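I have placed the structure first, in the form of structure tokens, so that the comments after it can refer back to it.
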Amino acid sequence: MSSLLLDPEFLRELERLTLLVRRRVHSRSGGDRPSALVGRGVEFADYRSYQVGDDYRFVDWNAYARLDRLFVKLTTTEEDLDVHLLVDASASMGFGSPTKLDYAKQLAAALGYISLVNLERVGVGVLRGPHIQLLPPRRGRPYAHTLFSFLEQIRPEGPTTLASALADYTARIRRRGVAILLTDLLDPAGYQEALLRLQYGRFETFLVQVLSEEELFPPLRGELRLVDAETGSVLEWTSSREALEAFVRTRDGFLEECRQFCFRHGIAYLRTTTRVPVQDLVLRYMRAAGLVRG
């Protein structure tokens, strides 16, 4: 398999990996992941005391003979998983070298391929403005061609409106699963509502914040005219020790706030810069963060 996004050797390494799912996932059809439904399943989960109305077929008569109490066997059904790759393609993601969007596309291709190899359904949502461009979830390794082609064609444009775009996505997607959001989180309206939409929408959410070295450590020297990539607004900047210290405080405060928000709301969070090779991010750092295994 060839792709402009991933080289063949990296693809072979990805075939040994699987995504880790921390919570049981609701779904509708049989597959490989344990669902949250308990009852007539295929794998033993636990016992509970018999209650009036329970089906006698699920009573553990061996336990009754030993303990003289009625217990019901609880089992889990096996369900398949939908993986939703949500790629921020707003104009701010076109910044850097390589651009944050190019990096996010490579990462989405890698995570999507891992999922397809493991027979999960994979779909893509492109966040650009208030609405979303959708590649519906499909299953099977041959679908990787379609996935890669779709990702390769994404271009950065438009404003960042994460909450509106994710509201559009959750309204259009009927099956829940794992949502992997790839974004810089640089939304003038804030990112909090957007992340909570995914949480309240019953997605298990992984957030990968993609930033560039140039915006974390910009060469702010002398007098500069800074132009916003999305709004076109202009800021006149005069470099000074006080101004640089204020920038560092604001930057560090924003990044720490992102981390703390995700921690409080049970969202798996990983921050990276485009300087880190995608191969290292997936094979080393995502393993360490508990997002993939293998």
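Tell me, what is the percent relative contact order of the chain, built from C-alpha pairs under 8 Å that lie six or more residues apart? Before the final figure, lay out the partial values.
Details: 543 pairs, mean separation 55.3, N = 294.
It comes to 19 percent, rounded to a whole number.
On the beta carbon distance between Lys73 and Gln153, with R0 = 51 Å, the FRET formula returns roughly 0.50.
Model label sites at Val227 and Arg264, defined 7 Å from Cα along the beta-carbon direction, differ in position by 3.8 nm. Cβ-Cβ distance of Phe58 and Leu119, R₀ of 35 Å, FRET efficiency by 1/(1 + (r/R0)^6): the value works out to about 0.75.
Applying 0.36 nm per residue to the separation of Glu9 and Val248 and subtracting their alpha-carbon distance, the gain on full extension is 82.1 nm. Under the criterion of Cα pairs below 8 Å and six or more residues apart, the relative contact order for region 191-294 equals 34 percent.
For region 223-235, backbone phi angles converted through the Karplus equation (6.51, -1.76, 1.60; θ = phi - 60°) give residue-by-residue couplings of 9, 10, 10, 9, 10, 5, 5, 9, 9, x, 5, 10, 10 Hz, Gly and Pro being listed as x. Surface analysis of the chain yields an accessible area of 51 Å² per residue, using protein heavy atoms and a 1.4 Å probe.
What helices does the chain hold that run 18 Å or longer along their axis, going by alpha-carbon atoms, with a Kyte-Doolittle average of 0.5 or more, using DSSP H for the helix calls?
On the way: long enough: 100-117 (26 Å, 0.69); 241-264 (34 Å, -0.54).
Result, helices passing both filters: 100-117.
Spatially, region 101-154 and region 235-291 are offset by 24 Å when compared through their Cα centroids. In a Gaussian network model over the chain where Cα atoms closer than 10 Å are linked, find which of Ala268, Ala246, Ala91 has the largest mean-square fluctuation. Residue with maximal mean-square fluctuation among Ala268, Ala246, Ala91: Ala246. How many percent of the accessible area of the chain is carbon or sulfur, using a 1.4 Å probe? Accessible surface attributable to carbon and sulfur in the chain totals 52 percent. Loop-located trypsin sites (Lys or Arg not before Pro) in region 208-252 (DSSP state other than H, G, I, E, B) with a sparse environment of at most 11 neighbouring Cβ atoms within 10 Å: Arg221.
The values are calculated or read from the model by the stated rules, or taken from the named source; none is laboratory data. All values derive from a computational prediction rather than experimental measurement. Glycine gets a Cβ as well: all are built from the backbone with ideal geometry, and neighbour counts include every protein chain shown. Each accessible area value is taken on the protein alone, full model and side chains, heavy atoms only, with ligands, DNA and RNA left out. Shrake-Rupley method; radii C 1.70, N 1.55, O 1.52, S 1.80 Å.
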